Amino acid sequence: MPRAVYLLALGIFAMVTSEFVVAGLMPQMADGLDATIPEIGYLITAFAAAMAFGGPFLTVALLKMRQKSALLVLFAIFLAGNVLAALAPDYRTMLVARVITGVASQAFFGVSISMCSQLARPEVRGRAIAVALNGLMLGTLLGLPLSTVIGEHLGWRAAFWAITGLTVLAALATLAGVPRVERTDDDGGSLRQELGAFRSPRLWLTLTTSTFVIGATFSAFSYLNPILTEVTGFSTGTVPLLLIAYGAATVVGNTVVGRFADKHAVPVLLTGLLLNLAFLVGFAVFAQLGVPAVVLMMGIGLVGVTMNPALVTRVQRTGNARPLVNTVHSSFITLGIIIATSVGGPAIDTFGLRAPLWIGAALAVLGVISLLPDLRRLRDGRTAPSTPSVETDGSPAAKETARV
């Protein structure tokens, strides 16, 4: 595996940690910015919305640049946003900072995943993507609790300064250790070429699957804390340990999925969705029982967000491995998070804390339905993508014969 892939994971880790930091420091930030807890919650929504809707536009603005140069520009924008957050004198300034960092992080994900596809050999592309995406899993496992501890002991601004330092470290590592990927005649840079992939209806359906997969998982993850304390009955001191265990499960699951994503993307996704459906329904039914609740929660960690390597591989083979497709794909993933959190809250008010788990189960069912066309292709032996003309991005990995 190229060393550069691990360096890309470090950059993703820094950005995911910044994404999650607000969730762990809501009371402190509310006091420091003279805001309410719900208003601080909107900072999370603003970050996610900026990712989903702003990231692709920033990616388009950087299309003419070499991908390593684009990464460094994105680091600079993200760094500026984090510094602004650390210095924010009021809520409005913090809101602007979160929008800046959200847009930059989404574009960074897209360019990073595109680089992974070019740096790794075709037969291990899915594994390379899984390694890079371990930065996301480790952001859940380590980044959130570490930034929370720093914020609780040194103040919430210190947490943002720590992320700023991590960002500088990741940028310097990228500058020194990530090679320049030479452009080719097919490497794009043309907006028309980049947009050509989106003429495929099959690509849009593939992107929608990712929304359902991640939405199903975050319907549960977003409300694990209140479910585990108020329904299952765990103490507030125990929940962080359970969340660390959940994060460890995502690292394991992501690694396993990465091993199979290259050759069996659709079967892996079908298996993951069906298992997640079973775990979500089981959790909803047995949430009041300690041991079953923990086992089922860990199951969601193993087969939920860990489907990302298979999702990315499937999208790249349906469209292409260029930055814009990868960034738009990340936007569809973020849309799943937005749906899960925006629907889950009102559902809790009406139906109680188990409601998000049932919503997640419904999204998993929709995800299975969205896979049906590809499952029929597998059955019929028609595995070639419907839009071969946009499959190539000039890299050896992208020129591989596509497999569903």
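The values are calculated or read from the model by the stated rules, or taken from the named source; none is laboratory data. These numbers come from a predicted model, not from an experiment. Every residue, glycine among them, receives a Cβ derived from its backbone with ideal geometry; neighbour counts consider all protein chains shown. SASA here: full protein model, heavy atoms, side chains in, ligands and nucleic acids out. Shrake-Rupley method; radii C 1.70, N 1.55, O 1.52, S 1.80 Å.
If I ask for residues that are buried (at least 19 other Cβ atoms within 10 Å of the Cβ) and hydroxyl-bearing (Ser, Thr, Tyr), which ones from the stretch 8-39 would you list? Of everything in the stretch 8-39, those that are buried (at least 19 other Cβ atoms within 10 Å of the Cβ) and hydroxyl-bearing (Ser, Thr, Tyr) turn out to be 17, 18.
Within the stretch 140-159, does at least one residue satisfy the condition of being within 20 Å of residue 329 (Cβ to Cβ) and in contact (Cβ under 8 Å) with a residue 40 or more places away in the chain? Scanning the stretch 140-159 turns up at least one residue that is within 20 Å of residue 329 (Cβ to Cβ) and in contact (Cβ under 8 Å) with a residue 40 or more places away in the chain. Selection over the stretch 140-172 of residues that are over 18 Å from residue 81 (Cα atoms) and open to solvent by 60 Å² or more (accessible area, probe 1.4 Å) gives a count of 6.
Give the stretch 82-95 a look and list any residue that's more than 19 Å from residue 36 (Cα to Cα) and either surrounded by 24 or more Cβ atoms within 10 Å (Cβ to Cβ) or of a type in the set (Ser, Thr, Tyr) (or both), or say none. Of everything in the stretch 82-95, just one residue is more than 19 Å from residue 36 (Cα to Cα) and either surrounded by 24 or more Cβ atoms within 10 Å (Cβ to Cβ) or of a type in the set (Ser, Thr, Tyr) (or both), namely 82.
Report, by residue number, each residue of the stretch 342-373 that is open to solvent by 60 Å² or more (accessible area, probe 1.4 Å) and assigned to a helix (DSSP H, G or I).
Step one: list which residues in the stretch 342-373 are open to solvent by 60 Å² or more (accessible area, probe 1.4 Å), which gives 342-343, 346, 349-351, 354, 358, 365-366, 369, 372.
Of everything in the stretch 342-373, those that are open to solvent by 60 Å² or more (accessible area, probe 1.4 Å) and assigned to a helix (DSSP H, G or I) turn out to be 342, 343, 346, 349, 350, 351, 358, 365, 366, 369, 372.
Restricting attention to the stretch 96-139, the residues that are open to solvent by 20 Å² or more (accessible area, probe 1.4 Å), within 28 Å of residue 265 (Cβ to Cβ) and either polar (S, T, N, Q) or assigned to a helix (DSSP H, G or I) (or both) add up to 10. Within the stretch 271-312, the set of residues being surrounded by fewer than 24 Cβ atoms within 10 Å (Cβ to Cβ) and part of a loop (DSSP other than H, G, I, E, B) comprises 287, 288, 289.
Set side by side, the residues 241, 228 differ, and just one is of a type outside the set (Lys, Arg), part of a helix (DSSP H, G or I) and free of Cβ contacts under 8 Å to residues at least 40 places away in the same chain, which is 241.
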